[in-house]
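What follows is a set of notes on a single structure, which appears directly below.
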Amino acid sequence: MHVLFASAMVAALVATSASPAAAQVADPAVAGPPAPAIPPEVRTGPLPAVLTLARAIEEAEVRSPALVAARADVEAARGRLRQARFRFNPVLDVEVENFAGTGPYSGFNGTETTVSVNQRLDLGGRRKARMTLAEAEFAAQEYRFAIARADLGRQVRNLFALGVAARDNLALARENEDRARELSRVARELVDAGKEPPLRGLRAEAALAQATAALRAAEADEAAARRSLAALLGVDVPPTELAGSDMLAPPATVDAMATLDVRLAEAERVIADAELRQARAEGRLDPSVGVGVRQLRETGDRALIASLSVPLPVFDRNQGNVAAARSGVQGAEARRNSVLANTQAEIANARAALDAAEARVAALEGSGIGQAREALRLAQLSYRAGKSSLIELLDAQQAYASTQGELIAARRARAEAQATLARQAAAADAVDIGQ
């Protein structure tokens, strides 16, 4: 009877501590962790020859090494969350006494064999605190993944805007070089006809050399921009052409409290709270209980044994870790407030930059470019008719090129401000870890 009772007690202790299902039933408020997500296959191979902004963002999300690393961090946190749910393992003790001695204990006839199972009981709330901390860390890691994805989107948009600006600057440089070459030809004809001094021809040749040098620099910048975008996507060979516009519809409103950075800071504050609760739980008493069977070989009798052990918190009550965790909570709250203030400032600055860039683009596209183009046309006609000098024509060409360059720069600034606002407006609930 005693043996059956002891066996039942041992089986109950082992089943309670070793079975994760039993652990979850004991705490129905905390469900098991979600099933491990299957990571998406990383896309390899060359990029499309012609790359648009939408396609670039799509390629980044399935190619970027940074996003793959962030997704792996989420899966690691998922594993730690699963591990935190398990209870303490039981301890099996086997003791053999009264053998290999002297006298009646020289052999094995007087041995006493004891088999027992000891289980540490979680009465101080360690497991609950451990699970709460793991859940908070998992949530924070999901926010970090969302931030990595949003940051990647902004980087793609900024580099695409840089590439579009370099593409437009290259087209402008080619136009300027063609215009300078034509001007050099006209100036040479006028010099040969005696209508211009040789100095004017030399000045036109110098302008052509400058335009050619600017064209070579623009070609290098355009190729470098495409290479930078390809490197961000984890590809060695860049696309041959960036097509379309860098325009992106900006969000109507951006709530700083709902941004990913602020939500991550809040999640880190929750982690600090969970660490404080865990530190307090570590200072509480967790007794260990045991039950077993003792075999007395000399008489052939059996007996039950029971044990109870309780640590005495005489010296270490985890006071230092509790104090450190309490300071960690204060620091997390301060960092959250700092992140909120910085995010509000970044949103306001991006909105102001967008308004300024849109005003510049509207002014330049409205009358600026048209006036500069008309001034250049009149200067060309006047120079060919001999009514104006070469210097005046070169000034008109420079003014037109400068206005075009300012328009390209304003469009790029607009795209970068839009990318910043889109980054701040990114929502964590729109991020699917498994995609």
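Some points to look at:
- Label sites at ILE57 and LEU123, each approximated as a point 7 angstrom past Cα along Cα to Cβ, lie 5.8 nm apart.
- Over the chain, DSSP H runs of length four or greater, each weighted -39,500 (n - 2.57), average out per residue to a 222 nm ellipticity of -23000 deg cm²/dmol.
- Amide hydrogen neighbours beyond the local backbone of GLU241, cut-off 5 Å, H modeled: LEU51
- Peptides 113-125, 325-337 ranked from most to least packed by the mean count of surrounding Cβ atoms within 10 Å: 113-125, 325-337.
- Nearest 10 degrees, 0 to 90: helix 369-384 Cα axis against the chain principal axis: 30
- Per-pair calculated FRET efficiency, R0 = 45 Å: PHE86 and GLU112 via Cβ, rounded to 0.05: 0.85
- Peptides 374-384, 190-200 ranked from most to least packed, by the mean per-residue count of other Cβ atoms within 10 Å: 374-384, 190-200.
- For a modelled paramagnetic label at VAL94, 7 Å from Cα along Cα-to-Cβ, the residues of segment 274-299 in reach, with backbone nitrogen under 14 Å, are 293, 295.
- Euclidean distance between Cα centres, segment 356-435 to segment 240-304, Å: 52
- Of all DSSP bridge pairs formed entirely within the chain, close to 95 percent run antiparallel.
- The protection proxy used here, the mean number of other Cβ atoms lying within 10 Å of each residue, ranks peptides 217-226, 293-302 as follows, highest first: 217-226, 293-302.
- Here the label points at ALA303 and ARG188, each 7 Å from Cα along the C-beta direction, are separated by 11.9 nm in the simple model.
- When only Cα pairs below 8 angstrom with a gap of at least 6 residues are kept, the chain shows a relative contact order of 23 percent.
A short reminder: the numbers here are calculations on the coordinates, not readings from a lab. Only a predicted model underlies this, so the values are computations on that prediction, with no experimental measurement involved. Note: ideal-geometry Cβ built from the backbone for every residue, glycine included; neighbour counts use all protein chains shown.
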